[in-house]
Each structure stands twice: as structure tokens, then as C-alpha cells.
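The values are calculated or read from the model by the stated rules, or taken from the named source; none is laboratory data. All figures in this text were calculated on a predicted structure; none of them were measured in a lab. No Cβ is skipped: glycine too gets one built from the backbone with ideal geometry, and neighbour counts run over all protein chains shown.
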Amino acid sequence: MTLATILKTAIIAALATMGTALPSFPVNTPTDYSKRDLGLTEANLSEYLATNNITIETGTVSATSDLSKRADIPRECIFETSGISYNYYKMTATFGTACFGFVLTPNCGTDQYWQDPHWTDVQSVVRQQIAKDGIFQFSRVGDWSAGFILPTSAYSNRDTTFFSIGLLANKIKATIFYYSRDGDYMKISKTQNFCN
């Protein structure tokens, strides 16, 4: 039984004893989001963000910056403590908060997206990883791999909408991506055939 399941059961039991109407919880089985296609494209991304009242805050974390200057980085967007520079998009909506990060160098091209199979594979590996439970669980699809960043051992919210938005908003063929959702973190890396 996962920690999320234990907590959900405890909350429902507590609410039931108080005579409060029980909330409706979504069932997050591994297949719920594995085939989800929002129909998002570069052309309709702005409209989707406006319709769903999603705000995006951008920022850069420099590996050479003084740690004291990192105090302004949103908590959701702190993926690495030192040694790596990355950009991030903090996304906020009524249904949650997330952060999408990407390492600028090395990359395989700017002002362009990864093409298939990589475009599909990077999203698939995130969907696979987000459905796992266990700190040492990893996923691999094609040339991409994903794993949790300590102390995350599972995602409490397994919806990958924010990752898809971040991937579309980022027009750089990065080889390392980060994704956090409601306090859970993962790292996604291109591990083979570097720029092919």
C-alpha cells in the first residue's frame, strides 16, 4: 500500500467520523494518463493557458551563482543544489502547481523541438515514471530514462498536463529535463544516441 493510499484512507475515515460529505478522489491507476492526449500544439498553447487560467513564471539557475542568490527560486523549481545550470517554467493553475526545467547545455539544437520518436518517447517515459511507486524505480522508453529525485518515491498527482505544456513552451532540444508536481520531483535524461 502506498503512502498516498494510506493518507487518502485516513482522510476519508476522519471526514466520515465528522459527518462531513466525503470528497471525490480521482483514481490514479497507471493507465489513467498513459494515453492522454490533450491535443496541445504550439499554435493553440496560448489559448489553452488562457482558457485554463495557467500562469507561467520563468527563471534561470546558474551553477556559478552564490547559493544565497537562489533564495528567490520557487521551491518547486529547485532540482539540483549545485554544479548545473538550468532554466525553469513554474506553472500555476487552480488545479495545482508544477515546474518544468531544462538544462541549456549540452543541447541538440535551439529554436526547434525534438521530432518523433523522441517527442513521443520523452512524454511516454514521464507517464511511465509518474505511475511508479518506489524511490529506486526507473523508467526507460527509447533513448530516454526517468527517475525520481530524492526524497520523492511516488507522485501524489499523476497528471502530466504541466509536463506537456513545459515541453511545448520550451523550444530547445534539451537532453535533460526536470519535472515537479505538487512537491514531487523527477529527472528525465536522454541516455543514448545523444543528438540522434
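Just need a number here: residues in the stretch 92-114 that are out of contact with any Ser or Thr (no Cβ under 7 Å at 6 or more places or on another chain) and more than 13 Å from Ala174 (Cβ to Cβ). Qualifying residue count, the stretch 92-114: 5.
A count restricted to the stretch 143-196 and to residues that are within 20 Å of Trp119 (Cβ to Cβ) and among the charged types (D, E, K, R) stands at 6. Against the conditions (1) at pLDDT below 75; (2) over 27 Å from Pro151 (Cα atoms); (3) of a type outside the set (D, E, K, R); (4) touching an Asp or Glu at 6+ places or on another chain (Cβ under 8 Å), His118 satisfies every one except (1). Exactly one residue out of Phe194, Phe163, Phe177 is in contact (Cβ under 8 Å) with a residue 12 or more places away in the chain, at negative phi and part of a loop (DSSP other than H, G, I, E, B), and it is Phe194.
Every residue, every condition in (1) hydroxyl-bearing (Ser, Thr, Tyr); (2) modelled with pLDDT under 90; (3) over 30 Å from Thr175 (Cβ atoms), yes or no:
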position: Ala10; (1), (2), (3): no, yes, yes
position: Asp32; (1), (2), (3): no, yes, no
position: Ile56; (1), (2), (3): no, no, no
position: Tyr89; (1), (2), (3): yes, no, no
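Does Thr161 meet the test of being under 12 Å from the mean Cα position of the chain (by Cα) and more than 17 Å from Phe102 (Cβ to Cβ)?
Against the criterion (under 12 Å from the mean Cα position of the chain (by Cα) and more than 17 Å from Phe102 (Cβ to Cβ)), Thr161 qualifies.
In this structure, Asp111 does satisfy being modelled with pLDDT under 85 and either out of contact with any strand residue (DSSP E or B) (no Cβ under 6 Å at 6 or more places or on another chain) or more than 22 Å from Ile84 (Cα to Cα) (or both).
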